[in-house]
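Colleague: Just dropping this structure here.
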Amino acid sequence: MKKTSILLSIAAGFLFASCDMDLAPIGSLDDENAIESPSDLLKDRNGIYNNIRSVCTGSFIYLSDLQMDQFMGLIINGNRNGIIAHGNILSNNSDIESIWASYYSCIADANYLLGRAEILLEKGGWTQEEVLDINRYIGETKFARAYYYYQLIDRFSASYTSANANQEASGVPLVTVFNPTGDIASYPGRSTQAEVYALIDQDLADAYEALKAYEAVDNSQLQPMAVYVNTNVITAFQARLALLRQDWPTAIAKANEIINCGVYSLATTANYAQMWTDDYSDELIFRPISTNNELGISSIGGAYISATLTQADYIPTAEVYSSYLSTDVRRSAFFKARSLDANGTSYQCYCFNKFPGNTALYTSNVNNLLNMGKPFRLSEMYLILAEASYENGDEPTANSALNTLRSNRINRYAETTYTGLDLRDQIRTERAKELIGEGFRLSDLRRWKLGFTRDGSYPLNPVVTAIFNVVDMQVTYTSDDYRYVWPIPSTEIENNPQLKGQQNPGY
């Protein structure tokens, strides 16, 4: 994935599909993509879905998790992703710059499609079915734009509070119109968090109405593992956003709406592993589709393990592995013992195997460690319900949600009632265990105002500690550590005069 900037992304409007920034601009009009009909718009809509499935995999997911407390690097990893894992977060970090630029490239694509759709609607003369299709594409694209801005503000801004919501330059730059220009005076500065979330909320409200109208005619996407965005996906997204903003009543209502809709069911202890080996489960609310003929995704698992069973880059800390009961199905689903080679000797340790590679996505007889993205799952809704209910003073509902999830993860689980801070900590522990490796950890620790120390020890096997561990993997974050918020890339600060003085604290 090449390093570029929002300025270049806005100016060129790259079609970002699969992190490939060398493709022709989506906004280049010619005889093949002129604005003539809804079928022409469909081509760009397919590009939007390419972008969505791409940003649900790869470094967009694993990079922030490697920065946190649940994984430690091995000497044999060649320092891959080592700068982030070591806590050396700098404004010129190429991985962070690439993620920033990629999201803004996706936003440029979304803005372009929305502009095209508006021209089509103004042109008129379409059948009722065609108008319904156009509005559907608009709804899907507004969801996509909202998702990109959520990811940007969750990485590059502090956790939302009522105190900082309207703080100047606390959000990210907002671009809502495809308008390529070299005029640096027109480049946007940072908006407030309130302004960014207002755009996200409005995009999701518009998307919901458009897709609701479409589903009145065709509701085939209201099913598990939906390959296209639907109203349930939007509701699940709204639940997540409400939790981030500490809007407990809304988080509770939206999570309950998904839990009680009767469409999805939690994976049981008997079929849980299939969700990760085959990307298949009735728990999946949205699963952007890939095939071995059309991948469009990057590896998440490759950040941790290798197709060569004697190699691995990052392993779960001993504390993480030990937190799962032996009767917890996630223990066997997420962790596999491997004999890793170092200096001609093999040493056994537990490797992170949550993303082991789906055999249906192999393009040869070698495991390419590719799995489809799973941006929204039913288990997250139970965790949101539990946390928001606890924070809202409803301990019975919090306990019920927690026990329901655990009973579908732990064999012979005996329901337990917790109270007070013990209940809060049990919910947080369960969230860490369920969502490990899915890109939530940085945001969660920052929201909970928790620090950590990753000391790099591996008491499960002291020999592994001596052979594989590196001293500078010892990292400490305070509860208000500035590194919980990523820096605005230095290329942006240098090239956009509106961003002068708007860098995040500490960088």
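The values are calculated or read from the model by the stated rules, or taken from the named source; none is laboratory data. This is a predicted model, so every value here is computed, not measured. Counting neighbours? That spans all protein chains shown, and the Cβs are built from the backbone with ideal geometry, glycine included. When the accessible area is computed, the model is the full protein with side chains, heavy atoms only, and any ligands, DNA or RNA have been set aside. Shrake-Rupley method; radii C 1.70, N 1.55, O 1.52, S 1.80 Å.
Colleague: All but one of (1) out of contact with any Phe, Trp or Tyr (no Cβ under 7 Å at 6 or more places or on another chain); (2) hydroxyl-bearing (Ser, Thr, Tyr); (3) modelled with pLDDT of 90 or more hold for residue 91; which doesn't?
Modeller: (1)
Colleague: Here is a further query. Checking residue 232 against (1) open to solvent by 30 Å² or more (accessible area, probe 1.4 Å); (2) among the polar types (S, T, N, Q); (3) in contact (Cβ under 8 Å) with a residue 40 or more places away in the chain, which single condition isn't satisfied?
Modeller: Unmet condition: (1).
Colleague: Continuing with the same structure: Which members of the stretch 374-403 meet the condition of being within 30 Å of residue 293 (Cβ to Cβ), in contact with a helix residue (DSSP H, G or I) (Cβ under 6 Å, 6 or more places away or on another chain) and either without any contact (Cβ under 8 Å) to a residue 24 or more places away in the chain or part of a loop (DSSP other than H, G, I, E, B) (or both)?
Modeller: None - no residue of the stretch 374-403 is within 30 Å of residue 293 (Cβ to Cβ), in contact with a helix residue (DSSP H, G or I) (Cβ under 6 Å, 6 or more places away or on another chain) and either without any contact (Cβ under 8 Å) to a residue 24 or more places away in the chain or part of a loop (DSSP other than H, G, I, E, B) (or both), so the list stays empty.
Colleague: While we're on this one: Please determine, by comparing only the residues of the stretch 419-448 that are out of contact with any Lys or Arg (no Cβ under 8 Å at 6 or more places or on another chain), free of Cβ contacts under 8 Å to residues at least 60 places away in the same chain and open to solvent by less than 40 Å² (accessible area, probe 1.4 Å), which one is nearest to residue 55 (Cα to Cα).
Modeller: 431
Colleague: Every residue in the stretch 205-231 that is aromatic (Phe, Trp, Tyr) and farther than 17 Å from residue 145 by Cβ, please.
Modeller: If the condition is that a residue be aromatic (Phe, Trp, Tyr) and farther than 17 Å from residue 145 by Cβ, then 214 is the only one that fits.
Colleague: Which of (1) assigned to a helix (DSSP H, G or I); (2) more than 15 Å from residue 195 (Cβ to Cβ) is the odd one out, the single condition residue 161 does not satisfy?
Modeller: Failing condition for residue 161: (1).
Colleague: On to the next question. Can you find a residue that is touching a Ser or Thr at 6+ places or on another chain (Cβ under 9 Å) and modelled with pLDDT under 90 anywhere in the stretch 38-58?
Modeller: No, every residue in the stretch 38-58 fails to be touching a Ser or Thr at 6+ places or on another chain (Cβ under 9 Å) and modelled with pLDDT under 90.
Colleague: Next question. I need the full set of residues from the stretch 168-181 which are surrounded by fewer than 21 Cβ atoms within 10 Å (Cβ to Cβ) and closer than 17 Å to residue 486 by Cβ, in order please.
Modeller: Answer for the stretch 168-181, where residues must be surrounded by fewer than 21 Cβ atoms within 10 Å (Cβ to Cβ) and closer than 17 Å to residue 486 by Cβ: just 169.
Colleague: Kindly evaluate residue 485 against the criterion of being of a type in the set (A, V, I, L, M) and in contact with a strand residue (DSSP E or B) (Cβ under 8 Å, 6 or more places away or on another chain).
Modeller: no
Colleague: Of everything in the stretch 328-369, what is basic (Lys, Arg) and open to solvent by 70 Å² or more (accessible area, probe 1.4 Å)? Give them in sequence order.
Modeller: 336, the sole residue that qualifies.
Colleague: Related question: Go through (1) under 22 Å from residue 290 (Cβ atoms); (2) in contact (Cβ under 8 Å) with a residue 60 or more places away in the chain and name the single condition residue 241 misses.
Modeller: Looking at each condition in turn, residue 241 falls short on (1).
Colleague: What is the one condition in (1) in a helix (DSSP H, G or I); (2) farther than 24 Å from residue 485 by Cα that residue 201 does not satisfy?
Modeller: (2)
Colleague: Please specify each residue of the stretch 94-122 satisfying the condition of being over 30 Å from residue 82 (Cβ atoms), open to solvent by 10 Å² or more (accessible area, probe 1.4 Å) and either free of Cβ contacts under 8 Å to residues at least 40 places away in the same chain or under 29 Å from the mean Cα position of the chain (by Cα) (or both).
Modeller: Within the stretch 94-122, 112, 114, 115, 118, 121, 122 qualify.
Colleague: Cβ contacts < 8 Å: first residue within 13 Å of residue 341 (Cβ to Cβ), restricted to the stretch 309-323; second residue open to solvent by 20 Å² or more (accessible area, probe 1.4 Å) and hydrophobic (A, V, I, L, M, F, W, C), any location; separation 6+ or different chain. Result?
Modeller: 311/76; 312/76
Colleague: Out of the stretch 404-453, which residues are in a loop (DSSP other than H, G, I, E, B), farther than 19 Å from residue 352 by Cα and not small (Gly, Ala, Ser)?
Modeller: Correct list: 408, 411, 412, 413, 415, 416, 417, 418, 419, 449, 450.
Colleague: Mind telling me which of the residues 477, 482 ends up being under 23 Å from the mean Cα position of the chain (by Cα), open to solvent by 50 Å² or more (accessible area, probe 1.4 Å) and among the hydroxyl-bearing types (Ser, Thr, Tyr)?
Modeller: The conditions single out 482.
Colleague: Give the stretch 150-162 a look and list any residue that's open to solvent by 40 Å² or more (accessible area, probe 1.4 Å) and of a type in the set (A, V, I, L, M), or say none.
Modeller: 158
Colleague: Moving to a separate point now. Among 198, 239, 165, 185, which is out of contact with any Leu (no Cβ under 9 Å at 6 or more places or on another chain), open to solvent by less than 30 Å² (accessible area, probe 1.4 Å) and of a type outside the set (Phe, Trp, Tyr)?
Modeller: Only one candidate qualifies: 165.
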